[in-house]
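Asks: I am attaching a structure below and will ask some questions about it afterwards.
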Amino acid sequence: MQYFVHESSYIDDDVKIGEGTKVWHFSHIHSGAEIGKKCSIGQNVNISNNVKIGNGVKIQNNVSVYEGVELEDYVFCGPSMVFTNDLTPRSKYPKGSAAYKRTLVKCGASIGANATIVCGNTIGSWAMIASGAVVTKDVLDYALMAGVPAKQIGWVCECGVPLKEDYNCKECNRSYELKDGNLIETK
């Protein structure tokens with residue numbers, strides 16, 4: 001085995017886990033899930049059936065990644081953040097997985113502690129969702145989102161530093177430009 005699973009965690013049959021991944025205490029990974037290389041799955045994490053998780057993903061404690069959610073490479077999920085997969089759930093009238101709304105979190109995006117991602121939306125590459133925000137619509141690449149419901153309050157560099165109006169990162173020296181309402185890296 002080229003990955004680590006704490007003895008208190010449970011891995012169902014038909015699960016793929018990449019080399020160097022670590023699954024910590026009291027977690028459950030359900031059948032059909034695929035987890036990439038060098039991921040960190042924190043304490044008390046639930047990864048549902050058929051979820052796809054890329055390489056280098058960090059999922060902090062107390063997060064449930066429900067069926068219908070896909071996390072691309074290097075996504076960060078903060079402690080106790082929430083995904084949903086059904087816009088109109090009823091205990092008496094379950095719809096099953098065929099009715100789940102797809103949620104995609106693109107490469108490098110970060111979701112803060114206690115944020116909620118309402119299903120059926122896409123979080124753009126390198127976007128940053130503030131702690132406690134509630135995302136109810138698609139998020140642009142590099143967008144900085146905060147509030148309930150979440151609104152864009154700025155832009156962030158790939159390294160995570162909020163950008164000023166010149167769109168140049170003082171931390172890592174990346175430069176960006178705004179083109180047709182989207183932030184594009186120029187160097």
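Asks: Could you list, in sequence order, all residues of region 1-23 that are open to solvent by 40 Å² or more (accessible area, probe 1.4 Å) and within 18 Å of the chain's Cα centre (by Cα)?
Replies: Hit for region 1-23 is LYS22, nothing else.
Asks: Which of the strands (runs of 3 or more DSSP E) contained wholly in region 131-187 include at least 1 residues that are more than 17 Å from ILE111 (Cβ to Cβ) and in contact with a Ser or Thr (Cβ under 9 Å, 6 or more places away or on another chain)?
Replies: Because the criterion is at least 1 residues that are more than 17 Å from ILE111 (Cβ to Cβ) and in contact with a Ser or Thr (Cβ under 9 Å, 6 or more places away or on another chain), the strands (runs of 3 or more DSSP E) in region 131-187 that meet it are 176-179, 182-185.
Asks: For region 63-90, which positions are closer than 18 Å to ALA33 by Cα and assigned to a loop (DSSP other than H, G, I, E, B)?
Replies: VAL63, TYR66, GLU67, GLY68, GLU72, ASP73, TYR74, VAL75, THR84, ASN85
Asks: Which pairs do you get when a residue that is touching a residue at least 24 places away in the same chain (Cβ under 8 Å) and among the charged types (D, E, K, R), found in region 165-181, comes within reach of a residue that is open to solvent by 70 Å² or more (accessible area, probe 1.4 Å) and not in a loop (DSSP other than H, G, I, E, B), reach meaning Cβ atoms under 9 angstrom, with the pair 6+ apart or on two chains?
Replies: none
Asks: Can you name the number of the only condition in (1) in a loop (DSSP other than H, G, I, E, B); (2) open to solvent by less than 30 Å² (accessible area, probe 1.4 Å) that LEU104 fails?
Replies: Of (1) in a loop (DSSP other than H, G, I, E, B); (2) open to solvent by less than 30 Å² (accessible area, probe 1.4 Å), only one is false for LEU104: (1).
Asks: Which ones in region 24-47 are on the phi > 0 side of the Ramachandran plot and either of a type in the set (A, V, I, L, M) or open to solvent by less than 40 Å² (accessible area, probe 1.4 Å) (or both)?
Replies: Correct list: GLY32 only.
Asks: Identify the residue in region 60-94 that is touching a Phe, Trp or Tyr at 6+ places or on another chain (Cβ under 7 Å) and of a type in the set (Phe, Trp, Tyr) and, among all such residues, is most open to solvent (accessible area, probe 1.4 Å).
Replies: Taking the candidates together, the pick is TYR66.
Asks: Turning to a different aspect of this structure: For GLY54, state whether it is of a type in the set (Gly, Ala, Ser), farther than 19 Å from TYR100 by Cβ and within 13 Å of the chain's Cα centre (by Cα).
Replies: So GLY54 fits the description; yes.
The values are calculated or read from the model by the stated rules, or taken from the named source; none is laboratory data. Because the structure is a prediction, the values reported are computed rather than measured. Here Cβ is always computed from backbone atoms with ideal geometry, including for glycine, and neighbour counts include all displayed protein chains. Each accessible area value is taken on the protein alone, full model and side chains, heavy atoms only, with ligands, DNA and RNA left out. Shrake-Rupley method; radii C 1.70, N 1.55, O 1.52, S 1.80 Å.
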